[in-house]
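Report on the structure given below.
The values are calculated or read from the model by the stated rules, or taken from the named source; none is laboratory data. If you're wondering where the values come from, they're calculated on a predicted model, not measured in any experiment. Every residue, glycine among them, receives a Cβ derived from its backbone with ideal geometry; neighbour counts consider all protein chains shown.
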Amino acid sequence: MFTEFKRISRFGYQSFMRDRGSSVATVFVMVIAISLVTFLMLFQGTAAFVITSLESRVDISTYFLDTVFEEEILQVRDELVKLDDVRDVQYISKDKALEKFLEEHKGDEVILASLEAVGSNPLLSSLNIRTWDSSSYLKVTDFLEESFGGLISKVDFEEREPVIQRLDGLTSGIQTFGILFTIILGIVAVLVAFNTIRLAIYSTREEIEVMRLVGASNWFIRGPFVVQGVIVGIVAAIISLLLFIPATLFLSGPLENLISGFNIFSYFLSNIFVIFLAQLLVGVILGMISSAIAVKRYLKV
Amino acid sequence: MIRFENTSKIYGKDTAAIDRVSFEVKKGEFVSLVGKSGAGKTTLLRLLLREEDPTSGKVLFDDQDIAEIPSGFIPDFRRRIGTVFQDYKLLPMKTAYENVAYVMEVMGARGGDIDRDVSEVLKLVELMERAEHFPNQLSGGEKQRVAIARALIHRPDVIVADEPTGNLDPYHTQDIIKLLATINGLGTTVILATHDKDVINRLGKRVITLDDGKVIRDEERGKFIL
Ligand SMILES: Nc1ncnc2c1ncn2[C@@H]1O[C@H](COP(=O)(O)OP(=O)(O)O)[C@@H](O)[C@H]1O
Ligand SMILES: [Mg+2]
């Protein structure tokens, strides 16, 4: 049993090494298939980042009247934190608001000049509230207006309502598209890889005939092809991994301009084991199953 | 050892490839099957290997009707017969040595036995120094000698050669025929199908002549006459 396995593995390895043309062709196609899957994984990762960052960017800003004391605002905050729907609440004092404003408009002479003309700090203290779910914003704003209406200058939510509603749609849109895209491209990749392996085996059908003729059992005929498929899968997975290092490094700059705070290269590196595992799995399973199915046609006794 | 008893093989409705053939081959004999192309030589050999079943009549091997061999034992049965073909049928991605060793490997022989037997049989066909060559690095005659070595490796009772010299020049043809005679001299029965006149006339062994699926002549020390 063990000798048999050893011999089958050696035959598979030898065919892989000796039949250069067909090995290169199948590895090449497999690299494309694996790269597609890797690309989709990275796409999903990017989409997930965009979704969460968009979600966390939307919040309720509650501006308090200039007459309200800081202690009162902090009390409101404590009340808010007790609500189940609320994720976190950030207090931004008048001074901090000004600091942020100056930071954001550093180069803008007109704004800075007009600010100076006002003389004092015209900005208001505020609480930035994030909820777990964008649908519960209305609940929180209602609560604020009912309980603390007298302290509040304005709640900056109405302006954002359409953004929040659109975001809900966008989020599920990206996810549906991503999954659909993954399925379609995955099927295409699998079919192309399968067909290439099928063709490679078709060209060896006479050899299969000879193997049968000299008394090889089905396992001795099919086994080496399966081993060869596994080797193709492993080699293709390694090549794909090596390809994605420079590719993501190259992409990380432009992509970071587009999606600030997201570095695709570090995302790739921090998930490298999971990604390589997926690449190996795709390569090995695809290679193995394609070979096993393709050779089956020529095994009739 | 081998007996055809009124054996016929009819393809389709009425193409009689083999037509009521009867003859016997004794152990250790060297028998040539001759006849024009289409006379039925290949069909006769395929019946012997049980790659085809006769339409009527029997084929007996050691007094057993081979049609009655259970399908699970057919590989064992076929190992008692070594086969050699016109187109060599070597595995192109394996060396001469590996082509011969392959037969033993798939039979589950031990590594040491394989080394010993393969070396021995390659010596017999005088291919020791070509052992590491691939088929496309060998001449036609050398390829056929590898094929014969492969047919011999599991020490079959019979070697069946179907036009083994069909693709060879006269020099290599004599080479292969001499080799088959040597193997026969060592005790293996040989059945050689050919339509090469010179081969038969030089051999001076038993000749069975087929025409249109029928045996029309069966002579000890025969000549090629059609
Ligand atoms: N599988 C088959 N189907 C139909 N006819 C066949 C088949 N095999 C052989 N024949 C016919 O049987 C006859 C004998 O063929 P064959 O045994 O190959 O002759 P030979 O080997 O002497 O040249 C030929 O007429 C051939 O066309
Ligand atoms: Mg023939």
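The table below gives the values:
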quantity: Residue in segment A:7-51 that is farthest from the other protein chains (Cβ to nearest Cβ), counting only those that are aromatic (Phe, Trp, Tyr) and within 23 Å of residue A:276 (Cβ to Cβ); calculated: A:49
quantity: Residue B:57 being over 16 Å from residue B:213 (Cβ atoms) and away from ligand 2 (no atom under 16 Å from the Cβ); calculated: no
quantity: Condition met for residue A:262 (away from chain B (no Cβ under 14 Å), touching a Phe, Trp or Tyr at 6+ places or on another chain (Cβ under 8 Å) and more than 30 Å from residue B:94 (Cβ to Cβ)); calculated: yes
quantity: Top-ranked residue in segment B:154-183 [being more than 24 Å from residue B:75 (Cβ to Cβ) and part of a loop (DSSP other than H, G, I, E, B); ranked as nearest to ligand 2 (Cβ to nearest atom)]; calculated: B:163
quantity: Residue B:57, sole failed condition from (1) within 14 Å of chain A (Cβ to nearest Cβ); (2) in contact with a Phe, Trp or Tyr (Cβ under 9 Å, 6 or more places away or on another chain); calculated: (1)
quantity: Residue in segment B:37-54 that is farthest from the other protein chains (Cβ to nearest Cβ), counting only those that are farther than 20 Å from residue B:216 by Cα and more than 16 Å from ligand 2 (Cβ to nearest atom); calculated: B:53
quantity: Filter result for the condition that a residue is at positive phi and within 16 Å of the chain's Cα centre (by Cα), over A:178, A:261, A:215; calculated: A:261
quantity: Among (1) surrounded by fewer than 19 Cβ atoms within 10 Å (Cβ to Cβ); (2) within 13 Å of ligand 1 (Cβ to nearest atom), the one test that residue B:26 misses; calculated: (2)
quantity: Options B:155, B:110, B:79; residue that is surrounded by fewer than 21 Cβ atoms within 10 Å (Cβ to Cβ), touching a residue at least 60 places away in the same chain (Cβ under 8 Å), farther than 30 Å from residue B:36 by Cβ and within 14 Å of chain A (Cβ to nearest Cβ); calculated: B:79
quantity: Every residue from segment B:165-219 that is basic (Lys, Arg) and either within 16 Å of ligand 1 (Cβ to nearest atom) or not assigned by TED's automatic domain parsing to the domain that holds residue B:57 (or both); calculated: B:197, B:214, B:217
quantity: Top-ranked residue of segment A:208-259 - restricted to ones that are among the hydroxyl-bearing types (Ser, Thr, Tyr) and over 18 Å from residue B:107 (Cβ atoms), ranked as farthest from the other protein chains (Cβ to nearest Cβ); calculated: A:252
quantity: Residue in segment B:127-138 that is touching a residue at least 12 places away in the same chain (Cβ under 8 Å) and buried (at least 22 other Cβ atoms within 10 Å of the Cβ) present; calculated: no
quantity: Check on residue A:97, among the aliphatic types (A, V, I, L, M), surrounded by 13 or more Cβ atoms within 10 Å (Cβ to Cβ) and either within 14 Å of another protein chain (Cβ to nearest Cβ) or more than 23 Å from residue A:221 (Cβ to Cβ) (or both); calculated: yes
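Table: residues versus (1) more than 16 Å from ligand 2 (Cβ to nearest atom); (2) more than 10 Å from every other protein chain (Cβ to nearest Cβ).
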| position | (1), (2) |
| --- | --- |
| B:87 | no, no |
| B:91 | yes, no |
| B:125 | yes, yes |
| B:141 | yes, yes |
